[in-house]
Each structure stands twice: as structure tokens, then as C-alpha cells.
Amino acid sequence: MLAISGCKTAPRAGAIAPRLGDEIVVAGRLVHTGTPIVLWMDPGGYDAYRVERRFSPLDKAGWEDTKAEVRGMNSPNRYNMRKAGLTNEEIERVRGGGWDLPTLQKVVDQFVIHFDVCGVSRECFRVLHDYRDLSVHFMLDLDGTIYQTLDVKERAWHATTSNNRSVGIEIANMGAYPVDKENPLDAWYQRDGDGKTRITIPPKLGDGGIRTKGFVGHPARREPVRGITQGDELIQYDFTPEQYSALSHLTAALCTVLPKIKCDYPKDAAGKLVPNKLPDDELNNYQGVLGHFHVQTNKNDPGPAFQWDLVTNNARKLMAEKLQSPKAVEER
């Protein structure tokens, strides 16, 4: 009778609901990406909902000690609620956590790419959460592991005027620097015996918190890249192939579940990347993937080495394949 009627046996009370390990959380829903994701609620995750500092001694991590010890920490929370684009009735509905996906799809239309200038995601979270009173939805480590620190419904503090409408990601990379000034790149990038460039995490950071044991990162291009951003000639090492693969999957997932984020980046009339801040009117109307430097004149991330076409082209291919998720994502 059950088979004839199409009914399914209800899950047993207390049964653990399975996860594949590739899910992000969007307005409370689990969305597949096809790449390893560590959520803030997972072992080894980074939780931006917490008030206390993550890496301080526990008895000194609370808000009162943080306020006294860390200059510039103005709030126990590092995020708040999205309000722009919502009616007063919608604000009242979602303020208690009642976001639904259609409401979020209405207001989020940008995906902002950052480099973290910390080198590894663990250090990035320490700086943002413990010292800078900032947050970001995702962090992407050298080995391609993506950490989600907040539900995408939250207004993370990462990109000033775009915070209300954007999702943000910090990619582990030591950043871009004027070609005629000192920089920390030699401390992070060295040549192997076979001439390949490898990433070397400084001893003060230990193993860096890299989830893949024994992982040795290599930039996608052996030589540092030079290019113009915000009118300055900068030098930067590329991101790792593992990061590009993971970011392509995440971009495809976000552009699918939040369709106002177009799978493209700011281009000029010739179809080339716009290498500077967008004029205010263009930024106000822009929907898609963009860099931090497109939002603010004082930023140059993700820098001249970032391969925009690689990410967006791969993401579009994944979207055309309907992001078929593997049976299980290999745990790093």
C-alpha cells in the first residue's frame, strides 16, 4: 500500500541526516557546491557568530576584555542584518531570523573577491574576528578548502558600500605590492630544487591550520605577475590551482542560487577587465562578480594576478552541467 500510494517511510527519530561535505548555507538551506566546505558549525570551522575572540585565552576572550584590550573594536558582533531593498514589513519578518530564499534572492546581487594578506585562512580569521571587528562569509585556504563563517543571509562587514547587497570571500594570498617598494613575498615564496615556486608558511604560523595534511602549495604561475590596478603597477604571486578550482565551484553555486549575481566581471567597452574602482553610478547598477578594488579606491585586491576568465568560464561550465554534486566529497 505504501508503494502504491507513493508514500515514503519517515526517517527514524534521532537518525543523523547525511551531508556530503560540499554544502554551503544560504538562508538556512544547504546548497551543494561540488567542492569541500567547512561550515562554522563543523569541527575545525570558524564561527563569526561568536562574540568572544577565537584565539585569545578563553578567560580574556569575552566582550568586556576585548573592548578594553583591542583598540577599534566597537561592537561585540562583527555582522548585522541586511536591510537595503526590503520593505518595513519584510524587515520585521526577517529580523528574528525568518529569511526565506526568495527574499534573499531579491537583495543580493554581488560577489566580492578579496585576498587576505594573511597567507592562510586561520590567520585571516584571527585578524578579522579578534582584532579588526570585521567579517566575511567565506574564506578560501591554500589547499582549496572553503570555510563558511556566516549564513549568506547575514550582512558581513567586508566591502563598505557593497555590504548590503554582496557575498564576500577572502582568498589566502599575501597580496600585491608596488614594484618599487619592499614586500613580504620572498618570505612566502621560494624555489624548489626543480625550479617550481612553492609557498612556504613562516614558522611563526606553525602549520598555518591547513586542513590537508602535508599539503605544499604552488602558485598557478611560477613567476610573479605584474599588472596595473588602481593606476599602480603591482607585483603579486598567483593563487593556487586548488583555490581556482574551489572558487569556480563556489561561484557557480552562488550564481545559481542567487541569480542576480551574474557570472561575469566588470569589463570596459573592449571587453577587458576594468582595473579600478567603478564609478558610483556603475557600481550601484552592477550585478555580478567583482573585486574589492571595484568597490573602494584604497583597495587593490584580488590583485593583477587573479585570473578572472578562468574562474567565470569554469563557473559557467559548471552551471551548464547543473552542478551535479558527487556522491561524497573527499574529506581533506
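The values are calculated or read from the model by the stated rules, or taken from the named source; none is laboratory data. On a predicted model such as this, the values are computed, not experimentally measured, just so you know. Glycine gets a Cβ as well: all are built from the backbone with ideal geometry, and neighbour counts include every protein chain shown. In case anyone asks, the SASA skips ligands and DNA or RNA and just uses the protein heavy atoms, side chains included. Shrake-Rupley method; radii C 1.70, N 1.55, O 1.52, S 1.80 Å.
Restricting attention to the range 191-204, the residues that are outside any loop (DSSP other than H, G, I, E, B), over 21 Å from the mean Cα position of the chain (by Cα) and surrounded by 12 or more Cβ atoms within 10 Å (Cβ to Cβ) add up to 2.
Could you tell me whether the range 242-259 includes any residue that is of a type outside the set (D, E, K, R), surrounded by fewer than 21 Cβ atoms within 10 Å (Cβ to Cβ) and over 26 Å from VAL38 (Cα atoms)? Within the range 242-259, not a single residue is of a type outside the set (D, E, K, R), surrounded by fewer than 21 Cβ atoms within 10 Å (Cβ to Cβ) and over 26 Å from VAL38 (Cα atoms). Residue pairs whose Cβ atoms lie under 6 Å apart, separated by 6 or more positions or on different chains, with the first residue in the range 194-215 and under 20 Å from TYR46 (Cβ atoms) and the second among the polar types (S, T, N, Q), are ARG211/THR145. The set of residues in the range 145-157 being touching an Asp or Glu at 6+ places or on another chain (Cβ under 8 Å) and buried (at least 24 other Cβ atoms within 10 Å of the Cβ) consists of TYR147, THR149. Within the group ALA176, ALA156, ALA187, which residue is among the aliphatic types (A, V, I, L, M), in contact with a Gly (Cβ under 6 Å, 6 or more places away or on another chain) and more than 30 Å from LEU86 (Cα to Cα)? Only one candidate passes the filter, namely ALA176. Candidates in the range 279-318 are the residues that are among the polar types (S, T, N, Q), touching a helix residue (DSSP H, G or I) at 6+ places or on another chain (Cβ under 8 Å) and open to solvent by 10 Å² or more (accessible area, probe 1.4 Å); of these, the one that is nearest to SER248 (Cα to Cα) is ASN314.
Within the range 216-241, the set of residues being open to solvent by 20 Å² or more (accessible area, probe 1.4 Å), touching a Ser or Thr at 6+ places or on another chain (Cβ under 9 Å) and of a type outside the set (A, V, I, L, M) comprises HIS218, ARG221, ARG222, GLU223, PRO224, GLN230, TYR237.
ALA187 satisfies every condition listed in (1) outside any helix (DSSP H, G or I); (2) more than 29 Å from THR256 (Cβ to Cβ); (3) free of Cβ contacts under 8 Å to residues at least 60 places away in the same chain; (4) not hydroxyl-bearing (Ser, Thr, Tyr) except (1). Those helices (runs of 4 or more DSSP H) of the range 51-133 in which 1 or more residues are among the charged types (D, E, K, R) and surrounded by 21 or more Cβ atoms within 10 Å (Cβ to Cβ) occupy 121-125.
Scoring ALA187 on the criteria (1) exposed (fewer than 13 other Cβ atoms within 10 Å of the Cβ); (2) out of contact with any Pro (no Cβ under 7 Å at 6 or more places or on another chain) leaves a single failure, condition (2). Of all residues in the range 220-276, those satisfying the criterion of being closer than 30 Å to LYS322 by Cβ and among the small types (Gly, Ala, Ser) are ALA220, SER245, ALA246, SER248, ALA252, ALA253, GLY271.
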